[in-house]
Protein chains: 2
Amino acid sequence: LPADPVAGRKLAGQCKTCHGLDGIAKIPIAPNLAGESQIYIQNQLKAFRSGKRQHEMMTVVARDLTDQQIADVAAWYESIEVTAKLPE
Amino acid sequence: LPADPVAGRKLAGQCKTCHGLDGIAKIPIAPNLAGESQIYIQNQLKAFRSGKRQHEMMTVVARDLTDQQIADVAAWYESIEVTAKLPE
């Protein structure tokens, strides 16, 4: 099935404590995910799932995600528009 | 020395082809860095430098960075303000 950002938004309930539902991180050790490309987020979640990328928390989170769930949640975060403002 | 975002902005010249000088990524496989916390970026660059995190390009980029350079470039990207806009 094609990636579904609406389904991904629901799945992001388990991401929001650290990464925010809007993808702006709540804690300094977690990255913002807002506007990250679907492919980047997919690659990272699959790397956590396979063990190629290691992180105490994310390894556990990613372990049980299906490819469809990964695509959906990645599509959700990609769908958020980010704007950057340089310091003065 | 404390992290210096002005020095970091200069160093970011070598990041900008993929990540943008403003931290908005130019290519889908690279993450946005705008507004990521200094500690997150530092942790990732040190993980690439040590080999804990692997990436064909970033492993090479990080290899020769000093702790000071890592802190500086991380401070630059942290200093960029990001705003997220949810889809309608």
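Centre-to-centre, using Cα atoms only, the stretch B:60-78 and the stretch A:47-80 are separated by 26 Å.
Can you give the log10 of the normalised intensity I(q)/I(0) at q = 0.15, 0.22 Å⁻¹, computed with Debye over equal Cα scatterers of chain B? Debye intensities relative to I(0), on a log10 scale: -0.51, -1.07. Can you work out the FRET efficiency for the pair A:T17 and A:E88, with r the C-beta to C-beta distance and R0 = 41 Å, to the nearest 0.05? With a Förster radius of 41 Å, E is 0.80. Placing R0 at 25 angstrom, the Cβ-Cβ distance between B:M57 and A:I27 gives a FRET efficiency of 0.35 after rounding to 0.05. The residues A:L11, A:L1, when put in order of fewest to most other Cβ atoms within 10 Å, stand as A:L1, A:L11. Legend: distances between Cα atoms for A:K16/B:K26; A:K85/B:K52; A:K26/B:K16; A:K16/B:K10; A:K52/B:K26; A:K10/B:K10; pairs beyond 30 Å are A:K85/B:K52; A:K16/B:K10; A:K10/B:K10. For chain A, modelled as a GNM whose springs connect Cα atoms under 10 angstrom apart, the maximal fluctuation among A:G35, A:G23, A:G13 occurs at A:G13.
At an R0 of 30 angstrom, the distance between the Cβ atoms of B:E81 and A:I39 translates into a FRET efficiency of 0.70.
When the helices of chain A are scored as -39500 (n - 2.57) per DSSP H run of n ≥ 4 and the total is divided over every residue, the value at 222 nm lands at -14000 deg cm²/dmol. For the pair the stretch B:6-24 / the stretch A:30-45, the C-alpha centres are spaced 19 Å from each other. Would the stretch A:45-86 count as rounded, prolate or oblate if I go by the C-alpha gyration tensor, calling it rounded below 1.5 in a/c and otherwise prolate when a/b exceeds b/c, oblate otherwise? Oblate. Each copy carries A:E81; placing its label point 7 Å along the C-beta direction from Cα gives inter-copy distances of 1.9 nm, listed from smallest up. Per residue, the average separation of C-alpha pairs within less than 8 Å and at least 6 apart gives chain B a relative contact order of 41 percent. For B:P28, the distances from its label point to the matching points in the remaining copies are 3.5 nm, ordered from shortest, with each point set 7 Å beyond Cα toward Cβ.
Bear in mind that the values in this text are calculations on the coordinates, not laboratory data. Keep in mind it's a predicted model, so treat the numbers as computed, not measured. Please note: Cβ atoms are built from the backbone with ideal geometry, for glycine as well, and neighbour counts cover all protein chains shown.
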